1. Out of the residues in segment B:316-338 that are within 14 Å of the chain's Cα centre (by Cα) and assigned to a helix (DSSP H, G or I), state the one that is farthest from B:Leu210 (Cα to Cα).
2. Given the structure, is B:Ser254 closer than 30 Å to A:Gly108 by Cα, touching an Asp or Glu at 6+ places or on another chain (Cβ under 6 Å) and not charged (D, E, K, R)?
3. Mind listing whichever residues of segment B:238-249 are surrounded by fewer than 24 Cβ atoms within 10 Å (Cβ to Cβ) and assigned to a helix (DSSP H, G or I)?
4. Would you check if A:Ile29 is within 14 Å of chain B (Cβ to nearest Cβ) and touching a residue at least 24 places away in the same chain (Cβ under 8 Å)?
5. Note down all Cβ pairs under 7 Å where the first residue falls in segment B:304-323 and is free of Cβ contacts under 8 Å to residues at least 40 places away in the same chain, the second is buried (at least 18 other Cβ atoms within 10 Å of the Cβ), and they're at least six residues apart or on different chains.
6. Being at pLDDT 90 or above, assigned to a helix (DSSP H, G or I), under 16 Å from the mean Cα position of the chain (by Cα) and closer than 26 Å to B:Phe39 by Cα narrows it down to one residue among B:Ala376, B:Ala356; which is it?
7. Determine whether segment A:220-239 contains at least one residue that is among the hydrophobic types (A, V, I, L, M, F, W, C) and closer than 17 Å to A:Lys31 by Cβ.
8. Name the one entry in B:Val21, B:Val11, B:Val41 that is outside any loop (DSSP other than H, G, I, E, B), modelled with pLDDT under 85, not assigned by TED's automatic domain parsing to the domain that holds B:Val118 and not aromatic (Phe, Trp, Tyr).
Amino acid sequence: MPETDFVLVQDLRKAFNGHMAVDGVSFNIEKGEIFGLLGPNGAGKTTTIRMMATTLPITGGDVIIGGHSVHRNPAEVRHLIGVCPQELALYLELSALDNLVFFGRMEGLSKAEALEAAMRNLELVGLADRAKHRVAKFSGGMKRRVNLAIALMNKPELLFLDEPTVGVDPQSRNHIFDTIEGLRDQGTTILYTTHYMEEADRLCRRIAVMDAGRVIALDTPRNLKSRLGDPDKVTLEDIFLDLTGRRLRDAG
Amino acid sequence: MKSMRTFLRQVGLLAGKDLKVFARDRGALLFAFVFPFVFVVMFSMVMVWNSEPEHMVVYVATEEEDGGLSRHIIDAMVSGSGEGLDIRETDPDKARASLVKEEIGGYLLFPREFSDDVISGEQGAIVVYFDPDAATTRAALMSIAQTVIAELEAYRITYEAVAELAATSAPTGTGGPAGVPGTAAVSIVYEEVGKIDPPRPVDFLVPSYLTMFVFFSLAMTAETLVAEKEDFTLERLVSGTATRSSLVAGKLTSSFVRGLIQAAVFWVAGLLIFNVRMGHYAWTVVLVSVLLALAASGVGVFLATVAKTRRSAGAMAVLISLSFAAFGGSWWPLFIMPVWLQNLARITPHAWANSAFNKLMLFGASPASVVPEITALAVFAVAFFGLAVWRFKVN
């Protein structure tokens with residue numbers, strides 16, 4: 001594993017009732033890189049992330065994060081990662097601050113440390129002035145930002161962002177982009193999944209396109225686009241449709 | 001040591017979070033702490049108009065010759081009875097004739113072989129004859145009989161232990177503690193059948209609704225736990241440093257603490273507002289409440305491991321809570337149900353809890369006479385805790 005690689009995914013496989021949801025996926029992510037994982041519904045992106053984040057047992061292969069195997073040493077891996085799931089994993093009855101402090105303390109922070117980290121992260125996502133408001137009263141975009149702020153509580157070295165901008169307004173989306181770019185500049189490694197191609201184009205240094213549980217293309221956005229012609233004229237959506245086809249995908 | 005500290009810390013944080021969420025849910029608070037008392041007030045008004053007279057007469061008879069153990073017990077019972085409960089001795093034939101003519105609601109009969117059975121260590125029996133329509137009289141007779149048997153059994157165990165100790169420590173050739181049985185047994189029984197106040201509706205309603213609502217709200221833990229799975233907060237916790245054991249222990253702890261708070265509110269309100277009488281042994285009533293909360297917490301988490309969705313978890317919790325409440329003596333006294341149904345009801349924690357509350361609060365029973373109920377509730381708690389821990393999965 002080269003020194004610059006922070007994540008190494010090796011022949012990763014996951015079977016559900018005999019069906020291979022993830023079938024021999026391999027890629028690496030360099031330290032401080034934003035790496036995009038794209039694919040149609042049911043391609044295996046979320047399953048891959050769940051295995052990498054230690055919440056789903058691996059059928060075969062392995063993932064090495066910061067030198068630790070997800071398969072053999074999940075506890076060490078958990079100290080290095082932060083997960084911002086696609087779903088809003090929040091306690092709606094609690095305030096934004098209470099949510100962050102709770103998850104921070106569960107990660108081992110003292111009360112004072114958790115409070116300090118919570119206020120810093122709420123500031124980062126532009127919600128410091130709403131810290132004590134109940135999350136239930138927040139807009140969709142604000143909830144997404146709280147969702148992201150929670151994932152930052154343990155200062156993760158690797159951050160999983162699974163469709164973090166679904167259903168948010170342009171203002172919230174831009175704020176989330178700025179936050180992600182700021183984290184990258186501080187050296188955080190990020191694995192990013194999205195269905196919005198322009199997001200991937202803007203944020204990701206490299207992109208892996210998955211379909212039917214396999215990686216079918218992996219390169220920089222520009223190199224991927226140049227497969228179809230002039231990269232300044234071809235969009236990432238064009239290459240995505242070319243790689244994965246135009247038929248409808250309804251799988252979850 | 002460090003991992004145990006981390007475990008306890010996480011359990012405390014998870015329980016604290018759950019209690020905070022509960023405290024901010026007005027609907028849940030209303031359901032747990034206000035709604036039950038609306039029921040108590042409503043049904044106590046209904047039951048006041050239908051309750052039996054406050055002065056209760058209980059008849060006892062013996063077939064034994066003078067000098068038997070039952071003679072001493074009856075003398076002690078009759079001289080110990082007072083205002084509210086009047087215990088009178090009668091002749092067996094006369095008692096039976098009065099019962100047939102429906103002049104009395106029932107009576108206790110000590111059979112001819114009672115003393116021989118008790119002293120020889122055989123299973124002694126006290127026969128309870130009753131009119132099925134005289135529910136309160138029947139309950140009082142059953143409670144008195146159970147108390148007498150429980151105390152005799154406790155005495156027998158003590159006596160055997162003393163005898164064994166004496167036999168092992170006494171020099172060869174000396175006898176055991178002969179002659180101890182008779183008078184000591186009677187004195188213990190006398191204490192237990194002392195003053196029993198006539199039953200009042202609130203003394204039944206407060207504990208029975210406590211049983212129903214504590215169980216109900218803790219069973220609903222199932223819905224909140226499944227909701228955590230559906231909302232992915234559980235997965236978020238697992239992707240951090242929370243372990244399966246700390247998650248299940250945290251849920252059980254928060255549920256149990258919530259049950260304790262609910263029970264405490266019930267008893268404080270019961271004492272201050274409804275002037276409930278907790279019997280001669282309030283600590284036993286509290287112990288039964290604690291065990292009920294433990295058992296119900298286990299049921300709640302166990303249901304969450306069975307349910308696939310929060311809707312099915314909620315439906316299961318409601319269905320089980322309501323049917324157990326009706327079946328287990330929370331809607332009407334267990335002792336007015338047919339005996340076979342009372343026995344069948346023992347499959348529910350409600351029946352054991354209500355039986356203990358009724359014995360202690362309505363009939364002045366001692367802790368010894370509710371040992372079966374306490375043991376059964378402890379078994380329910382251990383069994384459901386075990387099932388919950390065993391079946392709890394986070395993926």
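1. Looking only at segment B:316-338, we keep the residues that are within 14 Å of the chain's Cα centre (by Cα), and these are B:325, B:328-330, B:333-335.
Add one more test, that the residue is assigned to a helix (DSSP H, G or I), and what stays is B:325, B:334-335.
Values: B:Ala325: 10, B:Leu334: 15, B:Phe335: 18 Å.
If we take residues in segment B:316-338 being within 14 Å of the chain's Cα centre (by Cα) and assigned to a helix (DSSP H, G or I), then B:Phe335 is farthest from B:Leu210 (Cα to Cα).
2. Working: closer than 30 Å to A:Gly108 by Cα: yes; touching an Asp or Glu at 6+ places or on another chain (Cβ under 6 Å): yes; not charged (D, E, K, R): yes.
Yes; evaluated as a whole, the condition is true for this residue.
3. Hits for segment B:238-249 are B:Val238, B:Arg244, B:Ser245, B:Ser246, B:Leu247, B:Ala249.
4. Numbers: within 14 Å of chain B (Cβ to nearest Cβ): no; touching a residue at least 24 places away in the same chain (Cβ under 8 Å): yes.
When the stated conditions are applied, A:Ile29 does not pass them.
5. Filtered contacts from segment B:304-323: no entries.
6. Numbers: B:Ala376 fails: closer than 26 Å to B:Phe39 by Cα.
None of the other options fit; the residue is B:Ala356.
7. Within segment A:220-239, the subset among the hydrophobic types (A, V, I, L, M, F, W, C) is A:224, A:228, A:234, A:236, A:239.
Checking the rest, the ones that are also closer than 17 Å to A:Lys31 by Cβ come to none.
No: zero hits.
8. Details: B:Val21 fails: modelled with pLDDT under 85; B:Val11 fails: modelled with pLDDT under 85.
One residue alone meets the criteria, B:Val41.
The values are calculated or read from the model by the stated rules, or taken from the named source; none is laboratory data. Being a predicted model, the structure only gives us computed values, none of them experimental. Neighbour counts are summed over all protein chains in view; Cβ atoms, including those assigned to glycine, are modelled from backbone coordinates with ideal geometry.
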